Amino acid sequence: MAVAVYPGSFDPVTLGHQDIIERSSRIMDKVIVGVLKNNSKSPLFSVEERVNMLKSVTGHLSNIEIQAFDGLLVDFVRQCHADVIVRGLRAITDFEYELQMSQTNRVIASEVDTIFLTTNLKYSYLSSSIVKEIAMYHGDIRAFVHPEIAVKVQEKVESRTGKMPSREQ
Ligand code: ADP
């Protein structure tokens, strides 16, 4: 049975992430989405909120599991008895970082390999940071995230700023 770990911050999960999850679920027998806990980026959503959002948008896929983790990714991969790490590639900038991470992981855990799925062209520009930035300025994020996630982001931004982002833009 081929098992993959797809790690990330998912703060919040975007349609780009969902595309990678759906495509890897067709290739692998099981995909464990690993949600990083000890995030130096000080996330907008808590790890529990990020796990729950991922669960709600992947509920239709029977071979996807969502788990929070912290510590070394290779330790989480071993703990999951996974065969590979899956990562998404959007641009050259992703490539440099991803190459470094995958090679580092091979040095510290030689059996842990990484496979890359290139982004769906329609999501090649999309990142969680862009979604948060647009939401902070009260822009409409419904083209970038699942409708349920758009509501959660808008509520979170509202709770932080005390204002409701416009849904009409
Ligand atoms: P990280 O904090 O590890 O960068 P992210 O949540 O930003 O976590 O991303 C997790 C993974 O999803 C990474 O491999 C990233 O390259 C990939 N990814 C993010 N956005 C997209 C997208 N729009 N298309 C394809 N892959 C993406």
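Details
- Reach of LYS152 by Cα under 25 Å, taken over lysines that are not fewer than 8 positions away in the same chain: LYS37, LYS41, LYS55, LYS122, LYS132, LYS163
- The calculated FRET efficiency for MET101 paired with ASN52, based on their beta-carbon distance and R0 = 25 Å, is about 0.40.
- Were the residues from ASP29 through GLU133 laid out at 0.36 nm apart, the gain over their Cα-Cα distance would be 33.9 nm.
- Relative contact order, percent, region 1-62 [alpha-carbon distance under 8 Å, six or more residues apart]: 44 percent
- Viscosity 1.306 mPa s, temperature 10 °C, Stokes-Einstein D of region 3-121 from Kirkwood C-alpha radius, µm²/s: 110 µm²/s
- For ARG106, solvent-accessible area (1.4 Å; no DNA, RNA or ligand), Å²: 110 Å²
- Computed accessible area, THR161, all protein chains, 1.4 angstrom probe, square angstrom: 70 Å²
- Neighbour count of at most 16 Cβ within 10 Å plus DSSP loop: longest chymotrypsin sites (Phe, Trp or Tyr not before Pro)-free window in the chain: 1-124
- Averaging the sequence gap over all C-alpha pairs within less than 8 Å and six or more residues apart, then dividing by the number of residues, gives region 34-122 a relative contact order of 27 percent.
- Exposed GluC sites (Glu not before Pro) absent - longest run of the chain, DSSP non-H/G/I/E/B, at most 14 other C-beta within 10 Å: 1-110
- Over the Cα atoms of region 69-142, the radius of gyration divided by the Kirkwood radius equals 1.08; this is the Rg/Rh ratio.
The values are calculated or read from the model by the stated rules, or taken from the named source; none is laboratory data. A quick note: this is a predicted structure, and the numbers were derived from the prediction, not measured. When we count neighbours, we look across all protein chains shown, and the Cβ atoms used for this are built from the backbone with ideal geometry, even at glycine. Side chains included, ligands, DNA and RNA excluded: accessible areas come from the protein's heavy atoms. Shrake-Rupley method; radii C 1.70, N 1.55, O 1.52, S 1.80 Å.
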